[in-house]
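Step one of this worksheet: look at the structure below.
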Amino acid sequence: EGVRRDSAVEKGDMESLRKFSRQEYLKKREQKKLEELKDELEDEEYLFGDEKLTETELNEFRYKKEIYELLVNKSTQEADNIGEYRMPDAYDQEGGVDQEKRFAVSLQRYRDMDSAEKMNPFAEQEAWEDHQIGKATLKFGAKNKQASDNYGFLFEDQIEFIKASVLAGDNYEDEMHAKPYQDSTGKSALDMLQEERKSLPIYSYRDELLKAVKDHQVLIIVGETGSGKTTQIPQYLHEAGYTKHGKVGCTQPRRVAAMSVSARVAQEMGVKLGHEVGYSIRFEDCTSEKTILKYMTDGMLLRELLGEPDLSSYSVIIVDEAHERTLHTDILFGLVKDIARARPDLKLLISSATMDAQKFSEFFDQAPIFMFPGRRYPVDICYTTAPEADYMDAAITAVLQIHVGEPLGDVLVFLPGQEEIETMEENLKQRIRGFGTKISELIICPIYGNLPSELQAKIFEPTPEGARKVVLATNIAETSLTIDGIKYVVDPGFSKLKSYNPRTGMESLLVTPISKASATQRTGRAGRTSPGKCFRLYTAYNYHNDLEENTMPEIQRTNLASVVLALKSLGINNLLNFDFMDPPPSEALIKALELLFALGALNQLGELTKVGRRMAEFPLDPMLSKMIVVSDKYKCSDEIISIAAMLSIGPSIFYRPKDKKVHADNAMMNFHVGNVGDHIALLKIYTSWKETNYSTQWCCENYIQVRSMKRARDIRDQLEGLLERVEIEISSNSNDLDSIRKCIVAGFFPHTAKLQKNGSYRTVKHPQTVHIHPASGLSQVLPRWVVYHELVLTSKEYMRQVTELKPEWLIEIAPHYYQLKD
Ligand code: ADP
Ligand code: MG
């Protein structure tokens, strides 16, 4: 009485179970299974009998068959012949995996198993059965009525992981270092923050660090991510008096990091953000006369150099997150090194999370390295036993598996970009809804570059008791941001990387496998406050054989036009002699010079022209800057800066709610009436919004993201200010769409393509097959000649933001670039 009988478990079963020890039971089960499997395999028709198998059953069957064959036939020579192995893209989109690859996959699965498992092909089945038995026992024993049916609702698409290694911790057993228990009673928030500051690893090295800074002009600082480098060092320098005669500037490769870290430091110092502590990112300056600690993107410091070549308002420059090796950081290295030689009073700190310090030291004339130990708990590393065909699905499953199967603790998922994060957020929410109240609360927090700052703060809010937080992040969380409380990391193994072909001058953002160094950093994020686990959604084999050691520095895989323009305006004429830590490919430099010459920014001697000087004032890609500068001539600067602002906010203008896709698409098509092209459509969106007096209601009605529009408005205001600075008058010519189009062509003439017979396009200058992006208003129209804003490579090479052009414009506008064929 009082013990409900579970209908799924027959009483007889339970009794017979109890008769055996578990081991005996499993052994018997295994034998029985093997026999069954043998029967199944001998009779392949079983598969196609009346009974329809589910996809999962079918896969399971195939998998078992492969394992069985491996075990029974143990043909090692055959096995060794399969050398070919690829990252998950071996599965193409149609789901076709050829037999050989499938075999290689199962072989890998087999190789990856540890030996105990190898003896037993049913380990997975057993684990499940174990669990079922355990559950039944619990239920019958009525010890814990809450034993939930975790496996039950996940079994369908469960991912099998094996623990392969451990990322060792440092000092973790040292209890003295653990965060002290904090009694919040009677303490102000500021006191608490001060205590937290003292609990950071860097605090023990504060005095030594300050002494090293005093003794050396240039110092390389290396310390574990999360140890307090970014938030504490500027404060220590301030406390030690370095802000008396100048600012402390600290560069960050990412906007979000600059914003978030400065907010934290302002909080710790008890000041308002934008006063003593501020940040400066492109199109957003949150500093004032008072600002003494200034966080900024590396790109912004580069821009500041244009106005203040010796950085005279700074007493210290910290180039932070140096290991990221972004383009702007690399360029800054060469520039600040030079400035430090000319300004002995300037202190220069290069701070990095990884061990590449020797290289930094060598570059900066053997500057000493200040390395302090971090504090990290060990992290178990688990790999999948087979490659996952779809890392997004796998990531969702992994999160759910963690949520129902692992003790509480927050989860951090690394995804390539905003789109992937938004998709996963939506899908994950949907899956959770399906579970109703069966699982505890899961709080989903996205974080990526364009996320509005009020939402960014959410990732740092403490997780309520009994709930679990899942942070969906881009690479930003790899080293730039530290979120306390993360216990689990899910690493699909990809990030979005720029890649550039200097031969064609084409640049794409590609979802690319990460490097081993990245994988290690990601793993480390799980061990900040307690031991953790990292689930890698790839196999150990992938890790060891397919991943590069380090990510290639951005300077070697990007279009250099904008930095070359910046360097030229700094008066650096001989770029081949510039002090690069790792020089870019010389083709890429030459390509950049050629483009700037074609745009009229440089003359034949490679010197900056008046046009180039004006272009350099805009914090934009040189092609966009050219489009703006030339709008003076076509008397349509008013329209052009609206278009430039809209192009700068990226693709997130419309939203398409799942249940209202048709409405959303219709709303979008309204702006494309007359097939005006995407640029003009962007202009129409902006002007229509302006005509409603920037109404939020209007945005909602048209399925337009009001946040994106507000950002466009911000950017536009600043571009308007910059127009004034380069003495271009605001002029409007909204009826003459061709003038506007000609301006676009004057900036983007290297980005033109011509329609082919098969409906694809061929780029004009360096022939390559491309397509109009499906989201373009012209994707069904297919004009003969088009100019495009950018190429993105997803399943195909797509042109995004496309406008029709007349070929004769090319001869008129860029005669030095295009000539008529006889
Ligand atoms: P490092 O630069 O060495 O990687 P940080 O200085 O960024 O380390 O971080 C030190 C500590 O400050 C971390 O524990 C982190 O959680 C905390 N922290 C940083 N930014 C914020 C923020 N915006 N909100 C709350 N905590 C933060
Ligand atoms: Mg940092």
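The values are calculated or read from the model by the stated rules, or taken from the named source; none is laboratory data. None of these values were measured; they are calculated from a predicted model. A quick note on method: Cβ atoms are made from the backbone with ideal geometry, for glycine too, and the neighbour counts reach across all protein chains shown. Just so you know, the surface numbers come from the protein's heavy atoms only, side chains and all, with ligands and any DNA or RNA stripped out. Shrake-Rupley method; radii C 1.70, N 1.55, O 1.52, S 1.80 Å.
Brief remarks on what is shown
- Only protein atoms count toward the accessible area here, which uses a 1.4 Å probe; on region 561-644, the carbon and sulfur part of that area reaches 53 percent.
- Sum of side-chain charges, Leu293 neighbourhood, beta-carbon under 9 Å (Lys, Arg +1; Asp, Glu -1): +1
- Two-decimal ratio, region 751-811, of alpha-carbon radius of gyration to 2.2 N^0.38 Å: 0.99
- Base-10 log of normalised Debye intensity for region 686-817 (one unit scatterer per alpha-carbon) at q = 0.10 Å⁻¹: -0.44
- Entries of Lys498/Lys796; Lys214/Lys247; Lys438/Lys660 with Cα pairs more than 18 Å apart: Lys438/Lys660
- Share of carbon and sulfur in the accessible heavy-atom surface of region 498-560 [1.4 Å probe, %]: 50 percent
- Global geometry of region 670-762, whether rounded, prolate or oblate, following the gyration tensor of its Cα atoms and the 1.5 cut on a/c: oblate
- Rounded to the nearest 20, the size of the Cβ-charge dipole of region 604-643 about its Cα centre is 160 debye, with Lys and Arg at +1 and Asp and Glu at -1.
- Take every pair of alpha-carbon atoms less than 8 Å apart whose residues are at least six positions apart; their mean separation over the length of region 271-346 yields a relative contact order of 22 percent.
- In region 545-676, Rg over Rh equals 1.12, where Rg is the alpha-carbon radius of gyration and Rh the Kirkwood radius from pairwise Cα distances.
- For region 654-707: rounded, prolate or oblate by the Cα gyration tensor [a/c cutoff 1.5]: oblate
- Spatial separation of Cα centroids for region 212-236 and region 775-822, in angstrom: 49 Å
- Cα-projected label distance for Val673 with Asp215, points at 7 Å along beta-carbon direction, nm: 7.5 nm
- Potential lengthening between Arg762 and Glu549 on full extension [0.36 nm per residue; Cα-Cα distance subtracted]: 73.1 nm
- For region 488-623, the spread of Cα positions along each principal axis, largest first, Å: 59, 31, 26
- Heavy-atom accessible surface of region 290-386: percent carbon and sulfur, 1.4 Å: 53 percent
- Per residue solvent-accessible surface (Å²) - region 316-438, probe of 1.4 Å: 35 Å²
- Entries in Lys429/Lys710; Lys290/Lys684; Lys496/Lys658 that, when Cα-Cα distance is taken, lie over 31 Å: Lys290/Lys684
- In the context of the full protein assembly, Cys743 retains an accessible surface of approximately 0 Å², using a probe radius of 1.4 Å and ignoring ligands and nucleic acids.
- Relative contact order of region 525-654: 17 percent, from C-alpha pairs under 8 Å at least 6 residues apart in sequence.
- Over the C-alpha atoms of region 186-268, the Rg to Rh ratio, Rh being the Kirkwood estimate, stands at 0.96.
- For region 655-775, the solvent-accessible area works out to 52 Å² per residue, with a probe of 1.4 Å and every protein chain left in place.
- Fully extended contour minus Cα-Cα distance, from Ser204 to Glu587, at 0.36 nm per residue: 133.1 nm
- Peptides 321-330, 158-167 ranked from most to least packed, by the mean per-residue count of other Cβ atoms within 10 Å: 321-330, 158-167.
- Each semi-axis of the equivalent ellipsoid for region 262-405 is √(5λ) with λ an eigenvalue of the Cα gyration tensor; in descending order they amount to 36, 22, 16 Å.
- Applying a threshold of 24 Å to the alpha-carbon distances of Lys757/Lys806; Lys294/Lys626; Lys591/Lys754 flags Lys294/Lys626 as lying beyond it.
- Centre separation in Å (Cα based) which lies between region 546-585 and region 426-441: 47 Å
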